[in-house]
Every structure is written in C-alpha cells, then in structure tokens.
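Beneath this line is the structure, given in structure tokens, with notes to follow.
Just so it is clear, none of the values below were taken in a lab; they were calculated from the coordinates. Fair warning: this is a prediction, and the values are worked out from it, not measured in the lab. All Cβ positions, even for glycine, are placed from backbone atoms using ideal geometry, and neighbour counts span all protein chains on display.
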Amino acid sequence: MEIVGFLVPWIIVGLVVIFISFTGGPGRAREAYMTRGGRGFVLLVALIYLGIGVAIPAVVIASRGTHVGNSSQLSQDLVRSEPPLVAQGRTLFIESCAACHNLDAVNARGVTGPDLDKVGTVTPARVLSAIRIGGTGQRRMPAGLLQGQNAQAVAQFVSAVAGK
C-alpha cells in the first residue's frame, strides 16, 4: 500500500508533464486548459481527486486489521507475563534510558547511546556495571543514574529482552 501512496503523486506529475508537452508548452497548455479543456478534462480531474482523496484512504483503512504490534492487548499480555522486577525495570528503562538507547522491546529509538539489541551478550552484571560506572566509563552516560533496587530492576529487564 505504501508503494501505491508513493507512486500516485508521481503518476499525476507525469500526466501533467505529458499534457503540457502535447499542448505545446506551458503557455499553450494553460490556454488549452482554459478554453478547450471542456467537460471531459474537468471530469478526469474530478475522478483523479476522488481517487486520491477517497479511494486510497478507504483502501488503507479497510486493510489495516489487527496485526502484531497493532494491538494494545499484545503489549498488555507481555507485561502481565513478566516477573514484577522485570516489569518495574521496563517502566524505569522507559523513564530513564529510552531517550538515549535503542531497545526494540519497548520501541526505544535513542540516538546517543548504543543499540542494546546489538551490543552482544547482555547480562544483569554487565548492565549493572554500565549503570554504576556510566556506560563504558568514557563519560558518555551519567554514572550512577539509577541506584539499588531500581538499577537491579533495569538490569533484569534489559538482560531479559536485549537482542531477542
């Protein structure tokens, strides 16, 4: 469907260019449109606008069904099946870490920190160490951003979902 949405405007531009070229340039195209266009041309333009304005949105709306990731029920089932510490870690990660890190499990798209789905094996100890010293110790992440039980919860959550 995205392909159709992308192609339709370019097809219309192509039809306009063809119309202009066959009528002898922009000046003559304007003249032809104003004088000789007649009802057929007006009807064609009306059909194109109806096709773009009504038909395409109707097709998109009709074909959207319930897909994986398109239902809030799916995410609620996932949260209910998590142990309490991991669920707490999910919430804390979203609040404190998602702005900087990528993590597909929570649809986090941060740009300054590493993609946690691609950093290799992620263990709770590795995550706790990163939280304690500030990432790799190069001062790109604040050291001690989370403490105690909160750090433990985020470590459990990240190690449970990263790269999966």
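Please report the net charge: other residues with Cβ closer than 12 Å to the Cβ of V161, K and R +1, D and E -1. Write out the running numbers ahead of the final one.
Values: positive: R90, K164; negative: E82, D104, D117.
Net charge around V161: -1.
How far apart, in nm, are the 7 Å Cα→Cβ label points at Q138 and V16?
Roughly 4.8 nm, to one decimal.
Give the long-range amide H neighbours of A108: residues separated by 5 or more places, or on another chain, with amide H under 5 Å away, using H modelled in the peptide plane at 1.01 Å from N.
So A108 has HN proximity to L103.
May I ask you to sort I61, I12 by Cβ crowding, counting other Cβ atoms within 10 Å and putting the fewest first?
Details: I61 8, I12 15.
Fewest-to-most ranking of I61, I12: I61, I12.
For L103, what charge total do you get from the other residues with a beta carbon under 15 Å from its beta carbon, if Lys and Arg give +1 and Asp and Glu give -1?
Summing Lys and Arg as +1 and Asp and Glu as -1 gives 0.
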